[in-house]
Each structure stands twice: as structure tokens, then as C-alpha cells.
Amino acid sequence: MQILKEDQEVIVSYDGRAVVYDFTELDEIVLAYAVSVHKSQGSEYPVVIVPVLTQHYILLQRNLIYTAVTRAQKLLVMVGTRKALAIGIKNDKTQKRYTGLKDRLRGITPSPSPLFES
């Protein structure tokens with residue numbers, strides 16, 4: 001990486017190919033070996049690789065698979081089993097989260113509660 005202060009640019013090398021970013025575009029750079037589906041919401045990537053395995057049973061939910069699939073701009077690679085994908089597609093139930101956000105926004109300290117509804 002090379003920083004050009006006078007031009008307000010950064011040059012980043014991707015596999016030997018130089019890409020120039022203006023300082024105002026630096027939020028486009030994400031150093032990642034892997035980004036979770038949750039963190040990727042609102043972003044797109046040229047290539048997305050999604051592991052879909054029965055070992056990740058809790059994450060096999062239709063909304064998460066949809067989010068992962070729609071992050072890909074050019075290429076989507078799903079690695080895993082058809083069984084896991086079928087389980088995820090059929091699972092349209094989302095778990096209710098008790099974050100206490102509403103109470104925090106109101107300035108009230110919430111009472112302790114479980115993270116997920118049973």
C-alpha cells in the first residue's frame with residue numbers, strides 16, 4: 001500500500017494489480033479473509049463464497065441465505081450440501097432477540113433477559 005498525501009490517494013495492490021483510491025473512498029476497503037453475513041448487510045462484493053453445512057444448523061435460515069446470496073455482484077459459490085441448503089430454505093423462522101435497545105433508547109436500564117426466545 002502506498003499513501004500519496006499530496007494527491008489524497010492511496011494505492012493498494014491486489015495480487016499485483018494496483019488500484020487507486022481517493023481518500024474519500026477509503027471506507028470501500030475492507031481487509032477480510034471472511035466477512036459474516038450479518039456484517040455484510042448493505043454491502044456487495046464481486047465474489048461471494050457461502051459455506052452451507054449442517055454443522056451450522058443454527059445459521060441455516062432462509063433470511064440469512066437470502067442475504068448471503070444477494071451480496072454477490074458477479075459470482076456466487078455455495079460450498080456444502082444440498083441437504084443443508086434445503087434445511088435453510090425451508091426454515092423461515094427467525095429467533096426473537098432481546099437486546100433491550102428500545103429501553104436503552106428511552107434511557108431505561110432493562111432487566112436481565114435471555115438473548116433468544118425459546
Is it the case that Lys102 is over 25 Å from Ser43 (Cα atoms), open to solvent by 50 Å² or more (accessible area, probe 1.4 Å), at pLDDT below 95 and part of a helix (DSSP H, G or I)? yes
If we keep just the residues of the stretch 11-51 that are under 30 Å from Gly80 (Cβ atoms) and in a strand (DSSP E or B), which is most open to solvent (accessible area, probe 1.4 Å)? Ile49
Taking the stretch 81-93 only, how many residues are among the small types (Gly, Ala, Ser) and open to solvent by 50 Å² or more (accessible area, probe 1.4 Å)? 0
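The values are calculated or read from the model by the stated rules, or taken from the named source; none is laboratory data. No experiment lies behind these values; they were computed from the predicted model shown. Neighbour counts are summed over all protein chains in view; Cβ atoms, including those assigned to glycine, are modelled from backbone coordinates with ideal geometry. The area values use the complete protein model at the heavy-atom level, side chains included, leaving out ligands, DNA and RNA. Shrake-Rupley method; radii C 1.70, N 1.55, O 1.52, S 1.80 Å.
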